[in-house]
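Notes for the one structure printed next.
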Amino acid sequence: MWTVFFLLFVPLFALPLLVVLGASFATHWSSVLPSGFTTGHYEAATRGEALQALTTSLVTAVSASLVALAAGTWAALAAAALGKRYRKVLDALFVLPVAVPSVVVGLATLVAFSQPPMLLNGTRWIVIIAHAVLVTAFAYQSVSAAITRLDPAYAQAAASLGASPAYVLWRVRLPLLLPSLTAAAGLCFALSMGELSATMMLYPPDWTPLPVLIYAATDRGALFTGSALAVVLMAATLLVLLAVSRIRTRASYR
Amino acid sequence: MSTTSSGIRFDSVTVAYDGNVVLDALDLTVGPGEVMALLGPSGSGKTTALRAVAGFVRPASGRVFLGDRDVTDLPPHRRGIGMVVQQYALFPHMRVEDNVAFGLKARKVAKAEIRTRVLEALEMTGMGAYARRHPRELSGGQQQRVAIARALAIRPDVLLLDEPLSALDAQLRSGMLAELARLHRELPDVSILYVTHDQVEALTLADRIAVMDRAKLRACGTPRELYRAPADAFTASFVGGANLLPVTVGDRGVSFGDAEIEVDTGGVARGASATLCVRPHLVGLGDGPNRLTGTVGEIQWRGATHRLYVDVAGHRVMADLRELKAPPAHGESVSLHFAPEDAVLLPAGVGGG
């Protein structure tokens, strides 16, 4: 069991990441593995343009996740209240951004918001909107799964005690859904942090997220700088996910 | 009369899911302060009836009244009922005191008032010492007490109990049964609708029992009426065990196989076939009036009693006898008897079991 796990896990998942980690500290790469040691790439990767890009990515991911979480949760709650047939329609609608290639979503967003009165092309908002559209599907799916699992007896007990539907939602259903909501937020954040293809079509010069910078660096042959940037992206994402998971453990009651 | 503010009335309530009738034209009145048990097997419509009162299912036709108020079109939170369900449904993210205060907060009761009423409800159910705990830190019986306290804190006129004891083990169950009886003595004005499949719970607690089967009300009466003089075979077998013997009505009694049995034939016509109902614990061993002879098919020792299954004229007759010093052997021929007044003649064809 463990042997199979390691045989699959190490070459497929761990090695590439370790090579990137190694490359980010290297000065040259002539044999199988990168060699030499320097922290110089990190100096470049944590200041100026790179730092700006990291902030851009974080702000974009946080905003897009919050929008996606609000929209996805709202839609999932609405779907749960609707009949079976309408729920199927909503489910299908929210799968669309996942099913359609993200390049297409990027292009669609570009076309949709390039004409007045919705002229957002060239602003940061178009990037955030595209990310939100892409990750809302995941928020919707994980929240709707959690709603289906939630025992209706809680909401019914609350209603029988005289609580209006809004009060039940606020005091009973959302608190009980909180672990799933934070999990969904974490997922959305991670996806948005790594989004490249739709972003490429939309980003204005003053709003360059980190993945775009990594792509640009490797594209012009600066592989080590790109690796350092990738490690920074990975570390930042993991740190935020860790923080989110701390909230989740405090909010789980059973 | 001022008593019309409480009580429950079903006026020909029919409930259907996707064209499937699960409750068929139920007419039933629960008086103010009365405990009514809805007794029946699963799928008999008893829980649906309770949910129609709570407002979680909408009747396809008919009206539901609480007191003189027609609540058929009211959403659950406007009905002012207390409800306790089998799996407790305590809010896991709130402490016991917040669970009990929930209904009062939702109704915007003043803070000081909430505190006294939460304490009162917790004291009444013996859970005063657990106010600061979370539900997950309580045992099943304690959680059920909190659920009852939560329902009572809003001081409802009507309390709905949906199989409240079936998640508890046997010993706890009899303890909680006594608790519920005590609570009802302390709150004599609260009408209680108690859904259960357990005849002991129904016989112990209820002022009246409504027996349900296959979406229909089969019988309704005091526990004594239903037990001593059931109206049909289904009621007889569901409320306590019963021997149901196919008999033919004669002049002064009935005949079962070769045996002539003396019994009050009531208004049943001579020559008609009917069902004779005799409770197992009223059947005696040995000679006596209304003697039946047969062979012992099975014998079970239950500690305080022996249960004999005796094959008489192709039918199994059960007899619960006080522990026998010398129980008959398997296959032995024995005589059974019962007093004429302990048997009830049911018109045949009704129910069918």
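The values are calculated or read from the model by the stated rules, or taken from the named source; none is laboratory data. None of these values were measured; they are calculated from a predicted model. Counting neighbours? That spans all protein chains shown, and the Cβs are built from the backbone with ideal geometry, glycine included.
One residue alone among A:228, A:198, A:217 is under 24 Å from residue A:28 (Cβ atoms), touching a residue at least 24 places away in the same chain (Cβ under 8 Å) and either in contact with a strand residue (DSSP E or B) (Cβ under 7 Å, 6 or more places away or on another chain) or assigned by TED's automatic domain parsing to the domain that holds residue A:174 (or both), and that residue is A:228.
Would you say residue B:268 is in a strand (DSSP E or B) and either modelled with pLDDT under 90 or buried (at least 18 other Cβ atoms within 10 Å of the Cβ) (or both)? No. Pick from the stretch B:271-283 the residues that are in a loop (DSSP other than H, G, I, E, B) and modelled with pLDDT of 85 or more: which of them is nearest to residue B:321 (Cα to Cα)? Among residues in the stretch B:271-283 that are in a loop (DSSP other than H, G, I, E, B) and modelled with pLDDT of 85 or more, the one nearest to residue B:321 (Cα to Cα) is B:283. If you go through the stretch B:124-151, how many residues are more than 14 Å from chain A (Cβ to nearest Cβ), among the basic types (Lys, Arg) and under 27 Å from the mean Cα position of the chain (by Cα)? Count: 1.
Among the residues of the stretch A:207-243, those identified as surrounded by 17 or more Cβ atoms within 10 Å (Cβ to Cβ) and among the β-branched types (Val, Ile, Thr) are A:208, A:212, A:214, A:225, A:231, A:232, A:237, A:240. Of the residues making up the stretch B:230-263, those that are assigned to a loop (DSSP other than H, G, I, E, B) and either at pLDDT 85 or above or surrounded by 14 or more Cβ atoms within 10 Å (Cβ to Cβ) (or both) number 10.
The rows are residues; the columns are (1) in contact (Cβ under 8 Å) with a residue 12 or more places away in the chain; (2) over 29 Å from residue A:218 (Cβ atoms).
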position: A:47; (1), (2): no, no
position: A:82; (1), (2): no, yes
position: A:88; (1), (2): no, yes
position: A:99; (1), (2): no, no
position: A:128; (1), (2): yes, no
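Give the residues of the stretch A:98-147 that are of a type in the set (Ser, Thr, Tyr) and at pLDDT 90 or above, sorted by residue number. It would help to see each step written out before you state the result.
Going through the stretch A:98-147, the residues of a type in the set (Ser, Thr, Tyr) turn out to be A:102, A:109, A:114, A:123, A:136, A:140, A:142, A:144.
Listed by number, the residues that qualify are A:136, A:140, A:142, A:144.
Scanning the stretch B:269-277 turns up no residue that is out of contact with any Asp or Glu (no Cβ under 6 Å at 6 or more places or on another chain), in contact (Cβ under 8 Å) with a residue 24 or more places away in the chain, of a type in the set (D, E, K, R) and over 23 Å from residue B:157 (Cα atoms).
Exactly one residue among B:29, B:47 is within 14 Å of another protein chain (Cβ to nearest Cβ), farther than 18 Å from residue A:162 by Cα, of a type in the set (Val, Ile, Thr) and in contact with a strand residue (DSSP E or B) (Cβ under 9 Å, 6 or more places away or on another chain), and that residue is B:47.
Picking from residues in the stretch B:297-323 that are of a type in the set (Asp, Glu) and assigned to a strand (DSSP E or B), the one that is surrounded by the most Cβ atoms within 10 Å (Cβ to Cβ) is B:320.
Let's see how each residue does on (1) modelled with pLDDT under 90; (2) not small (Gly, Ala, Ser):
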position	(1), (2)
A:164	no, no
A:169	no, yes
A:179	yes, yes
A:197	yes, no
A:203	yes, yes
A:206	yes, yes
A:213	yes, yes
A:218	yes, yes
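Of the residues making up the stretch A:181-195, at least one is among the β-branched types (Val, Ile, Thr) and surrounded by fewer than 23 Cβ atoms within 10 Å (Cβ to Cβ). All told, residue B:202 meets the bar of being within 22 Å of residue B:158 (Cα to Cα), at pLDDT 90 or above and in contact with a strand residue (DSSP E or B) (Cβ under 8 Å, 6 or more places away or on another chain). Here the helices (runs of 4 or more DSSP H) wholly within the stretch A:64-177 that include at least 1 residues being within 14 Å of chain B (Cβ to nearest Cβ) are A:84-99, A:124-149, A:152-160, A:165-168. Checked against (1) touching a helix residue (DSSP H, G or I) at 6+ places or on another chain (Cβ under 6 Å); (2) without any contact (Cβ under 8 Å) to a residue 12 or more places away in the chain; (3) not basic (Lys, Arg), residue A:156 passes all but a single condition, namely (1). Taken together, the residues in the stretch B:41-75 that are modelled with pLDDT of 90 or more, among the charged types (D, E, K, R) and surrounded by fewer than 18 Cβ atoms within 10 Å (Cβ to Cβ) amount to 5. Screening the candidates A:71, A:64, A:50, A:26 for the property of being among the aliphatic types (A, V, I, L, M), under 13 Å from residue A:226 (Cα atoms) and in the same structural domain as residue A:125 (by TED's automatic domain parsing) yields one hit, A:50. For residues in the stretch B:76-123 being at positive phi and surrounded by 22 or more Cβ atoms within 10 Å (Cβ to Cβ), which is nearest to the other protein chains (Cβ to nearest Cβ)? Per the criteria, the residue is B:89.
Taking the conditions (1) more than 24 Å from residue B:229 (Cβ to Cβ); (2) part of a strand (DSSP E or B); (3) charged (D, E, K, R) in turn, residue B:287 satisfies each one other than (2).
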